[in-house]
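Rule-based calculations on the coordinates, nothing more; no lab input. Predicted model, so just to flag it, every value in this text is computed and none were measured. Quick reminder, even Gly has a Cβ in these numbers, built from the backbone with ideal geometry, and neighbours come from all protein chains shown.
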Amino acid sequence: MGVPNNSDLASSVLRQNVDDFLTELDGKPLQAVEAAHEHHAHSGHSDHHGAEHHMMKMWFHGGYEEVILFEFWRISTPLGLLLSCLAIFIMGIAYEALKWSRVHLQTRLTRSVTPVNRRSALQFLLPGLYVIQLVLAYWLMLIAMTYNYYLTAAVVLGGGVGHWIFAIVDPTQSAADELAADSCH
């Protein structure tokens, strides 16, 4: 082995600093770790404009204090959680309704022998419905990614009930294949 170069020395110092930091955190309660994170992340900033900071939990948890999708959809009471779960449940049903409606309209369009002007209206409607469905799918995914098990249960139950409601309507085999090929949700 030769004389260590500057790169090896810097790497060694960095490794030692990381080891020291992790050793310091070992055994501290989560609140202390979050406080240390907040202190280090914002120590150079003096102007916070009075904004509250939200630390996202990256594990499944309960509780009713959450920010859902947007800053204005902040819940802090059990009633807020219940109403939010109801809204999310309805979003899950709406997602399935949009999915079924798109397939139903697409099937009608392909079987139809109507004039071209009626077809063009449907050809504009179908992509619009798809965009709305896609937005709902991503919102539902992001809600599930809050890792709040009440909100996640509302997503899953809403989608399940919506699927059950619209499974009563028997789509054609090609429509069923299109449903199965849907992405994201």
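Among the trypsin sites (Lys or Arg not before Pro) within segment 53-105, which fall in a DSSP loop and have no more than 14 other Cβ atoms within 10 Å of their own Cβ?
Hits after loop and neighbour filter: LYS57.
At 0.36 nm per residue, and after removing the present C-alpha to C-alpha distance, how many nm does the segment from ARG74 to LEU157 gain when stretched out fully?
27.7 nm
In what sequence, highest mean first, do 58-64, 142-148 appear when ranked by Cβ atoms within 10 angstrom?
Highest-to-lowest ranking by the protection proxy: 142-148, 58-64.
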